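Working notes, structure below.
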Amino acid sequence: SRRVFKQRNRNVVRKHTLMGMAGALAAFFGSPLGGSLFALEVNSRFGVEYFEHTVEAIFCGEVCLVVFRGLSRLPIQSIWDIAEPKLASAGPLDVITGAFIGLLGAGVAACFSALHFKVMDVLGHFGLLDNSLAVWRALVGGSVVVILGMLIPHTMFWGEAEFQTIATMSPAADLEHIWPTSGLIGFEMDTGWKAFLVGVCKIVAISATVAGGYRGGFIFPFFAAGAAFGRALTSIIPGIPVQLACLCFAAGINVSITRTSLASSIILCYLSGEQQAMPGVLAASLVSLFATSYMPFIKTQIVRSDLDSSLFYMKGQDKHITDSYRNLDEALNKA
């Protein structure tokens, strides 16, 4: 924006930045609306604060997704099949259930946050946060990840493929990108207790990876952890549909950390092909967002400084419009 188009207006540069983010995330998630909203929500702690750029960002996400999928010859479709048959409808009970699971997910996210900041304090105590000791820091984080992976292979993956195996409690042989798939002890996720263990170890692995300074994110890993906790929950309360439990738990954890309540709901339901789960998943996302509003995890998420003047697309550029709004405000206050 600044170098190619020589833009200096802050609002225009911001728009171009959000469009670029939306394009990348839409292509990454394979969901044009979900990825674009993720780019808009992740900058703030509560909702879409840069709302005036919503349409342009979504448009860019749609274009980039088409270009990426077209060049790579990949279909635009769901990639997970959690259970058959898919949910045929949704009711008020599903919304209430989703809200309950979202609260559980918020609790898991709070535990993760406390664990991670404690891990960072320990690394800081030993001076490993200094970039001159980055190799040692990476060694510590990598050692934790490798040890957990050797014992529980389900914790070793950081893409979208593992979600399918965990959500369906498939044999470890179905895990991709690792050998041997059974690990050192032949671990199989075939009971509710083992599903809970996978979720806990996945949370620890995420913290170790981020604390170790490794590149990458924690969105799909949180999805996978949520799927494991969801399967553990269904073993306790069998009446909850597996799809709803896994998706709502994944949304609850991810939204608590990334603050992306709208995007996470759309992405999870789209990738799983479970459109009827949307009411429950959205309830889970919103409840977790409210429940963890006190707990900002991503420190760069700050309140928009020019939010009060955001209705003016180019602040100070059109004095007539600005004066008109000011006069209207004064008239309404007098009334």
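The values are calculated or read from the model by the stated rules, or taken from the named source; none is laboratory data. From a predicted model like this one, the values you see are computed outputs, not experimental measurements. Please note: Cβ atoms are built from the backbone with ideal geometry, for glycine as well, and neighbour counts cover all protein chains shown. Side chains included, ligands, DNA and RNA excluded: accessible areas come from the protein's heavy atoms. Shrake-Rupley method; radii C 1.70, N 1.55, O 1.52, S 1.80 Å.
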Point to revise | Options Val48, Val42; residue that is within 25 Å of Ser207 (Cβ to Cβ), touching a helix residue (DSSP H, G or I) at 6+ places or on another chain (Cβ under 7 Å) and modelled with pLDDT under 95 | key: Val42
Exercise for review: Scan the stretch 121-160 residue by residue and report those that are among the hydrophobic types (A, V, I, L, M, F, W, C), touching a helix residue (DSSP H, G or I) at 6+ places or on another chain (Cβ under 9 Å) and in contact (Cβ under 8 Å) with a residue 12 or more places away in the chain.
Suggested key: Leu123, Leu128, Val140, Val144, Val145, Leu148, Leu151, Ile152, Met156, Phe157, Trp158
**Study point:** helices (runs of 4 or more DSSP H) (entirely within the stretch 31-127) containing at least 3 residues that are surrounded by fewer than 19 Cβ atoms within 10 Å (Cβ to Cβ) and not hydroxyl-bearing (Ser, Thr, Tyr)
**Key:** 54-72, 92-125
Check your understanding: Quick one: would you say Lys6 is part of a helix (DSSP H, G or I) and surrounded by fewer than 21 Cβ atoms within 10 Å (Cβ to Cβ)?
Key -> no
Review point. For Ile298, are the conditions met, namely being in contact with a Lys or Arg (Cβ under 8 Å, 6 or more places away or on another chain) and either open to solvent by less than 10 Å² (accessible area, probe 1.4 Å) or not in a helix (DSSP H, G or I) (or both)?
Key: yes
Check your understanding: Within the stretch 146-177, can you find the residues that are open to solvent by 40 Å² or more (accessible area, probe 1.4 Å) and in a loop (DSSP other than H, G, I, E, B)?
Key -> Met156, Trp158, Glu160, Met169, Pro171, Glu176, His177
Practice item. Specify the residue that is nearest to His154 (Cα to Cα); the eligible residues are those in the stretch 178-199 that are part of a helix (DSSP H, G or I) and without any contact (Cβ under 8 Å) to a residue 60 or more places away in the chain. Key: Val198
